[in-house]
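Please treat every number below as a calculation from the coordinates, not as lab data. Owing to the predicted nature of the structure, the values given are computational and were not obtained by experimental measurement. FYI the Cβ positions are ideal-geometry reconstructions off the backbone, even for glycines, and counts take in every protein chain you see.
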Amino acid sequence: MARLLVTGGAGFIGSNFVHHVIAHTDHTVTVLDKLTYAGNRASLAGLPEDRVRLVVGDIADAAVVDPLVAEADAVVHYAAESHNDNSLHDPRPFLDTNIIGTYTLLEAARRHDVRFHHISTDEVYGDLELDDPARFTESTPYNPSSPYSSTKAGSDLLVRAWVRSFGVRATISNCSNNYGPYQHVEKFIPRQITNVLRGIRPKLYGTGENVRDWIHADDHSSAVLTILDKGEIGQTYLIGADGEKDNKTVVELILQLSGQPTDAYDLVTDRPGHDLRYAIDSTKLRTELGWVPTYGDFESGLAATMDWYRDNESWWAPTKDGVEAFYASKGQ
Ligand SMILES: NC(=O)c1ccc[n+]([C@@H]2O[C@H](COP(=O)([O-])OP(=O)(O)OC[C@H]3O[C@@H](n4cnc5c(N)ncnc54)[C@H](O)[C@@H]3O)[C@@H](O)[C@H]2O)c1
């Protein structure tokens, strides 16, 4: 049994991780989350109170962070400003949380010699051409495109430096695009699912050719637990489930699974600097640590996710109108 400090555990992937830990281990979890617009207490509802505690606070506040890190056996660091579109409109919170917040946690991990796992994204590698057969590996050079991905790249480099310079016992994982329960409706897949549930036509950026490599959040969680358990200190592991799909195919699948015509969507203005294609080669994680994803099939994972949004309207309904009004103001 270990005591985990999970930052950002009331967000999308962090809350999926907390549910996964409670279901598959006997660890206890303290969630440290600022409850920004992206964090939601309701994502932790129903979890056992004797094993999960929520502390509302900022990862950039050393006075809050220090005692929580001191009492943990490991820190799993998910907290971030995570939405590319927001980073184009107001980059500052991305620097505060992704850079200063990570620095603050690393300093506490260093002071108390606590194991640290840093959650990052494949977006640090930039994008690939649509017809390029290459996939990202752990040795792909960093080439971030947006304020979001550049601050995530910066936070990864801080972790590497704290391992090398100060001996912090840290690992890093860079994961591809996640989908699953508890994802904010501002994001592509839940936005389109909830549009269909509300009788609104799904919206597709540009021509919909952009490719993302989708992984179910539960598979991301099992990979992180595997790295915490067996990962080598100082190493980076790429996490992906061979789920490459272009955005047009994803929208068509959502419509098809809802029993609607697959062309019942609207094209909207593309996002500036929209990365073309991401693709992950997760050979290292699979061969060195023996991890395998559960959702090998994107369509079944998507159908399960659609069922979750259908059954949990009270979770997403309070934010839906505001998100659509915001996108409408930008012609999206
Ligand atoms: N969403 C993806 O597809 C994806 C893919 C790969 C990696 N990641 C990474 O996974 C992590 C989680 O992503 P997500 O999609 O769940 O994000 P999210 O936006 O849904 O959740 C982020 C959480 O962090 C909290 N938070 C933000 N600033 C904070 C601060 N200063 N102090 C404490 N808490 C704060 C928010 O309240 C929220 O609960 C991020 O580090 C992201 O870069 C995401």
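Per-structure values
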read-out: Segment 1-73 shape via C-alpha gyration tensor axes, a/c threshold 1.5; value: oblate
read-out: D66/S165 FRET efficiency (R0 22 Å; Cβ-Cβ; nearest 0.05); value: 0.65
read-out: Gain upon complete extension [A45, D96; 0.36 nm per residue less C-alpha separation]; value: 15.5 nm
read-out: Per-residue ³J(HN,Hα) for segment 298-306, Karplus 6.51 cos²θ - 1.76 cosθ + 1.60, θ = phi - 60°, Hz, x for Gly and Pro; value: 4, 4, 6, x, 5, 4, 5, 5, 4
read-out: Amide proton proximity set for R115, modelled H, under 5 Å, gap of 5+; value: V75
read-out: Nearest 10 degrees, 0 to 90: helix 188-198 Cα axis against the chain principal axis; value: 50
read-out: Exposure proxy order (Cβ contacts within 10 Å, fewest to most) of F116, F188; value: F188, F116
read-out: For V52, distant residues with modelled amide H under 5 Å away; value: V29
read-out: Pairwise FRET efficiency - L289 versus Q260, Cβ, R0 = 51 Å, nearest 0.05; value: 0.80
read-out: Anisotropy class of segment 41-109 from Cα gyration tensor, a/c 1.5 cut; value: oblate
read-out: Nonlocal Lys pairs with alpha-carbon distance under 14 Å, the chain (8 or more apart, or different chains); value: 5
read-out: Percentage relative contact order, segment 1-159, counting C-alpha pairs under 8 Å, at least six apart; value: 22
read-out: Residues whose placed amide H lies under 5 Å from that of G234, excluding near-sequence neighbours; value: A170, T171
read-out: Relative contact order, percent, the chain [alpha-carbon distance under 8 Å, six or more residues apart]; value: 17
read-out: Residue (of L276, P293, L238) at the positive-pole extreme of segment 188-332, dipole from beta-carbon charges; value: L276
read-out: Qualifying trypsin sites (Lys or Arg not before Pro) for segment 256-332 [loop in DSSP, other Cβ within 10 Å: at most 16]; value: K330
read-out: From phi via Karplus (6.51, -1.76, 1.60), per-residue ³J(HN,Hα) for segment 313-321 in Hz, x at Gly/Pro; value: 4, 5, 6, 9, 4, x, 9, 4, 4
read-out: Cleavage-rule hits, GluC sites (Glu not before Pro), segment 52-133, DSSP coil, Cβ neighbours within 10 Å at most 12; value: E71, E129
read-out: FRET efficiency, 1/(1 + (r/R0)^6) with R0 25 Å, evaluated for Y327 and A303 via beta carbons; value: 0.50
read-out: Distant alpha-carbon pairs in the chain (separation over 24 angstrom), percent; value: 53
